[in-house]
Amino acid sequence: MICPLGLIRYHSQMHGSALTRRRFLQTSLGTSCGVGLLGQLVANTPPDLGERPRQDLGVTVLNPWGGRVPVSFIIDDSTCLVNMAHYGLPQFMEAWSGHRRRYAKVEWKQWPREIPDTFVHRFGSWCREHGVKGKYSVVPYPACVGWIDRAMPGWSRDELRASLKLVREFMVPDWDIHPEMISHTRVIDLQTGRPMAQRPDGSYWMENGGWTGERSVDEIAHYIAYALRLLQNVDLPCEGFTTPGGFGNPRQDRLALAGMQAVQDVFAPEVPHYFKYVVDQGTETQPRVECVRGLTTDRPECIVNVVSCTGDWFGGWTGIDHGEEAAGMDRLITADGLGGRLPEVIRAGAPAAMLCHWPGMYCNGTEVGYRIFQGAVKRLHEHFGERVIWMKVSEMARYWAARELTSWRVTETGSIHLQAPFAAPGFTLRLQPPSEESTPRLIGGQDRKTMTLTASTNDEITLPAGTWRRKKDAIELCIDLPKGISEIAWN
Ligand SMILES: [Zn+2]
């Protein structure tokens with residue numbers, strides 16, 4: 001799933017480079033991975049996966065809660081109040097000739113400077129009502145307009161406070177909060193807090209450009225940690241981060257390692273994660289568990305790279321890059337539920353996270369992108385129902401970390417000894433029972449407490465934690481996997 005195979009693309013390519021929208025679409029439809037199209041993509045430095053545990057044959061981890069396919073909604077370029085498109089576009093046009101050409105006739109000054117909190121609230125309410133979860137960026141120094149932890153020129157202190165409160169209290173339960181670096185436009189000199197000076201050729205260091213190419217892991221980690229601390233200053237919890245477009249492209253390995261160190265330093269969650277990549281072809285959309293180390297110690301480390309299975313097929317990062325509403329919905333999922341990208345991925349049992357940019361939900365007040373999204377979600381629920389489950393990206397990250405990093409050993413009696421570096425709710429296993437009559441029980445933790453598992457019927461899609469069902473030649477069981485040692489034994 002790494003670049004040379006042509007499967008991974010970089011999100012926000014449009015404002016990560018001089019690539020035009022049209023060319024982006026051609027690229028998406030073609031087989032090229034972008035090498036040669038995008039200077040930043042030339043680097044081929046996949047992140048180190050690190051250690052992997054012993055996992056004996058005969059045991060398979062399925063999708064959570066009986067095999068439900070995770071779906072998620074990844075929102076980039078959101079922040080408090082500021083419309084990133086209005087303030088970011090002139091900076092991208094100044095930095096990149098491609099943007100100057102493409103947007104020369106666009107009246108971006110007419111775009112609203114604000115995406116109002118009333119829209120955030122309306123969007124968040126609709127998502128809650130429909131069970132939608134995902135990731136919501138809060139760019140901490142959006143397009144260099146102001147600092148979320150100090151002042152946002154153009155808005156009062158009360159407005160900024162209220163906006164932060166809305167994210168903290170209303171959005172956080174269903175959404176992971178990520179910084180998208182510091183400004184998402186100019187690279188900031190961490191010594192001075194000012195955007196870095198122009199480069200000798202007259203261009204600028206942009207966060208979504210190639211700045212990280214000549215930086216060490218430490219320098220990149222320092223930069224990401226700085227962004228994370230700004231969110232920490234306003235009590236927004238983070239277990240991960242999003243890269244603005246091409247940030248980290250030149251050295252993907254350094255980005256993963258630096259990101260892991262930064263998240264650990266500032267928020268120290270058990271399972272850090274990040275969002276950067278779009279896999280809009282094929283079904284290799286599983287999160288990747290990277291930089292694994294210390295697996296047998298009591299402080300295992302990793303970072304999970306959660307990908308999206310679509311590009312931004314809503315209103316784009318500008319809010320004007322949308323097509324027809326009906327066509328937009330069909331591209332995601334057709335009315336009969338058979339066509340479109342989401343059914344393709346979900347039918348393969350692969351996680352299906354969609355990507356959008358916040359200005360492309362609001363679309364300068366027309367909300368075209370938002371309607372495409374709502375339509376797609378309704379179709380998804382109509383056709384897939386309980387076969388899918390909405391998860392935050394941190395929940396997907398945790399599940400995959402447990403899936404990849406739990407070790408298991410099948411003993412002579414057929415019982416299974418599990419050693420889990422991380423707990424995971426809804427952990428679902430398929431096992432070979434020693435006989436047709438065998439029924440499973442869970443022996444959990446150091447005190448080896450036995451938990452009876454309840455037999456479930458086969459006609460439900462969902463398998464609640466603590467239940468099992470008999471399938472042809474196998475047993476499927478779902479447990480809230482405890483961290484540490486546990487055992488599945490047979491009656
Ligand atoms: Zn972005």
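Coordinate-derived values only; no laboratory data. Small disclaimer: the values here were computed from a predicted structure and weren't measured. Positions of Cβ are backbone-derived with ideal geometry, glycine not excepted, and every protein chain shown enters the neighbour counts.
Within 10 Å, count the other beta carbons around each residue, average over each peptide in 336-343, 141-148, and list them highest first. It would help to have the intermediate numbers written out before the result.
Details: 336-343: 17.4, 141-148: 22.9.
Peptide ranking by packing, descending: 141-148, 336-343.
For the pair Lys471 and Arg194, the difference between a 0.36 nm per residue extended length and the Cα-Cα distance amounts to 93.6 nm. In terms of its C-alpha gyration tensor, segment 429-473 has an oblate overall shape, because the principal axis ratio a/c (a ≥ b ≥ c, square roots of the eigenvalues) is not below 1.5 and a/b does not outweigh b/c.
Taking 0.36 nm per intervening residue step and subtracting the Cα-Cα distance, what contour gain separates Ser203 from Arg128 on full extension?
22.7 nm
Each peptide in 88-98, 66-76 receives the mean, over its residues, of other Cβ atoms within 10 Å, and ordering these scores from highest gives 66-76, 88-98. The Arg409 and Asp447 beta-carbon pair, evaluated with R₀ = 22 Å, returns a calculated FRET efficiency of approximately 0.60. Take every Cα pair under 8 Å whose residues are at least 6 apart in sequence, average their separation, divide by the length of the chain, and the relative contact order is 19 percent.
Each of Trp390, Trp317 was scored by other Cβ atoms within 10 Å of its Cβ. Listed from fewest to most, they are Trp390, Trp317. With only the Cα atoms considered, segment 94-239 has a convex hull volume of 149 Å³ per residue. Centroid-to-centroid, using Cα positions, segment 153-177 and segment 375-437 are 34 Å apart.
Percent of C-alpha pairs per 5 Å bin in segment 105-144, short distances first: 5, 16, 17, 21, 18, 13, 7, 2. Once both labels are positioned 7 Å from their Cα atoms along Cα-to-Cβ, the gap between Asp218 and Asp298 label points is 3.0 nm. Kirkwood analysis of the chain, using all unique Cα-Cα pairs, places the hydrodynamic radius at 23.3 Å. I'd like the distance between the alpha-carbon centres of segment 309-367 and segment 230-245, rounded to an integer number of Å. Each part reduced to its Cα centre gives a spacing of 25 Å.
A convex hull fitted around the alpha carbon atoms of segment 406-490 yields 85 Å³ per residue.
Of the GluC sites (Glu not before Pro) found in segment 390-491, those in coil by DSSP whose Cβ has at most 16 other Cβ atoms within 10 Å are Glu412, Glu436, Glu437, Glu460. Along the axis of the charge dipole computed for segment 406-490 (Cβ charges of +1 for Lys and Arg, -1 for Asp and Glu, origin at the Cα centre), the listed residues Gly444, Thr413, Ala465 are led at the positive end by Gly444.
Before rounding to the nearest 500, sum -39500 (n - 2.57) across all DSSP H runs of length at least 4 in the chain and divide by the residue total; then give [θ] at 222 nm in deg cm²/dmol.
Result for the chain, helices only: -8000 deg cm²/dmol.
Normalised by the number of residues in segment 408-491, the average gap of Cα pairs under 8 Å and 6 or more apart makes the relative contact order 44 percent.
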